[in-house]
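**Q** Got a structure here, written out as structure tokens. Questions coming.
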Amino acid sequence: MDDLMVDAIEFVVLREPDPEWQIVQLAHPDLCVLAFAFTGEANYQVDGRRFSVKQGDLVWFRPAEVHSAGSSSDDPWRFCSVGFRLSDRSGSGMQRVLSFPNQLRVPNPFQVSALMEELFHEWTSKRIAYMLRCRSIVEEVLFFVIRALDHDEQQLSVPHVFRMHKMARLIEQHPEKAFTVGELAAKTRLSAPYFRRLFKQVTGYTPIQYQHRVKINRAKDLLLSGECNVSEAAFQLGFDNVYYFSRLFKRVAHVNPSEYLRR
């Protein structure tokens with residue numbers, strides 16, 4: 001997912017409430033389309049399936065996906081839609097995004113609403129660097145959707161998911177520390193083996209692997225910033241032995257620190 005980017009935006013449209021608004025068998029061959037409902041209601045049909053979109057909902061269509069829709073006559077919707085192209089060097093992120101359901105809801109619709117209003121303002125004003133900001137807004141909305149869907153899947157399948165996220169944030173906030181599995185488990189009031197299994201289900205890594213990734217990612221930032229040499233970065237991240245740090249760096253990043261700096 002880290003290589004997923006918005007390459008280009010082709011249109012941004014804001015429509016005020018109109019009971020006569022409708023589209024019939026519309027498709028954009030090479031564009032993803034995302035729309036947000038500020039107010040009101042609309043009725044959609046995609047591949048024979050009908051659904052209603054209401055305030056706070058996002059609507060998503062993959063390239064070439066045919067859809068029809070019309071505003072509710074009693075409560076016509078006000079919405080903003082954006083058509084854009086995505087690229088993904090790894091391919092895995094694109095596959096995940098293209099599998100989005102057509103109707104989406106995020107836990108922070110007011111934040112998404114503000115972002116979509118800003119998107120339309122930037123697009124219409126076309127001030128300096130407007131396209132840079134427009135792409136970043138669309139990517140931010142996609143980020144909210146991906147995280148919301150991921151959270152929903154985990155919450156359905158993994159108990160104590162909130163405790164696992166809390167421990168992951170603790171590790172991220174203190175890259176200089178080396179927490180044992182027992183210490184982290186005690187903070188969640190779970191047994192160490194059970195905690196370790198749940199943590200890996202949620203993050204994809206064991207607690208120790210996750211700490212190693214956080215430390216090495218932070219080390220990359222320190223080295224590239226020019227603030228530290230290899231020994232100083234190792235010390236800041238809690239390593240007493242620079243040789244062990246270098247070995248761990250290579251194991252995680254597949255290149256040693258000195259080679260990483262020369263890239």
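Where a number appears in this text, it was derived from the coordinates with a stated rule and is not lab data. Source: prediction; values computed, not measured. Don't worry about glycine lacking a Cβ; one is built from the backbone with ideal geometry, like all the others, and counts go over all protein chains shown.
**Q** Considering Cα pairs under 8 angstrom that are at least six residues apart, work out the relative contact order of the chain and quote it in whole percent.
**A** 16 percent
**Q** Place a label point 7 angstrom from the Cα of E140 along the Cα-to-Cβ direction, then list the residues of the stretch 1-25 whose backbone nitrogen is under 16 Å away.
**A** In the stretch 1-25, the label zone of E140 (backbone N under 16 Å from the point 7 Å along Cα→Cβ) covers 6.
**Q** Another question, if that's okay. What ranking do T124, T188 get, fewest neighbouring Cβ atoms within 10 angstrom at the top?
**A** Ranking T124, T188 by Cβ neighbours within 10 Å, fewest first, gives T124, T188.
**Q** At 7 Å along the Cα-to-beta-carbon direction for both V242 and Q111, put a label point, then send me their distance in nm to one decimal.
**A** My value for the distance between the label points is 4.0 nm.
**Q** Which angle between 0 and 90 degrees, to the nearest 10, do you get for helix 130-157 versus the longest principal axis of the chain when only C-alpha atoms count?
**A** Compared with the principal axis, the helix lies near 70 degrees.
**Q** Can you return the lysines within cross-link range of K220? Criterion is Cα-Cα under 28 Å, with same-chain partners fewer than 8 residues away left out.
**A** Qualifying lysines at Cα under 28 Å: K166, K177, K200, K250.
**Q** With just the Cα atoms of the stretch 11-71, tell me how far they stretch along each of the three principal axes, in Å, largest first.
**A** Computed over the stretch 11-71, the largest-to-smallest principal extents equal 28, 26, 20 Å.
**Q** How compact is the chain by the rule of thumb for globular proteins, expressed as Cα Rg over 2.2 N^0.38 Å?
**A** 1.24
**Q** Quick one: angle between helix 161-173 and the longest Cα principal axis of the chain, in degrees between 0 and 90, rounded to 10, please.
**A** Roughly 60 degrees, rounded to the nearest 10.
**Q** Could you tell me the calculated FRET efficiency between K126 and Q25, based on Cβ-Cβ distance and R0 = 25 angstrom, to the nearest 0.05?
**A** 0.20
**Q** State, as an integer percentage, the relative contact order of the stretch 161-262 based on alpha-carbon contacts under 8 Å between residues 6 or more apart.
**A** Normalised by residue count, the contact order of the stretch 161-262 is 23 percent.
**Q** Moving on to the next point. Identify the GluC sites (Glu not before Pro) of the stretch 165-216 meeting these criteria: DSSP loop state and at most 16 other C-beta atoms within 10 Å of the C-beta.
**A** Numbers: sites: E172, E176, E183; in loops: E176.
For GluC sites (Glu not before Pro) across the stretch 165-216 that sit outside H, G, I, E and B with at most 16 neighbouring Cβ atoms in 10 Å, the list reads E176.
**Q** Just the ratio, please: alpha-carbon radius of gyration of the stretch 117-263 over 2.2 N^0.38 Å, N its number of residues.
**A** Values: Rg = 19.4 Å, N = 147, 2.2 N^0.38 = 14.7 Å.
This ratio for the stretch 117-263 stands at 1.32.
**Q** Another question about this same structure. For the chain, what is the mean residue ellipticity at 222 nm derived from helices alone (per DSSP H run of n ≥ 4: -39500 (n - 2.57); sum divided by total residues; nearest 500 deg cm²/dmol)?
**A** Only helices count here, giving -15500 deg cm²/dmol.
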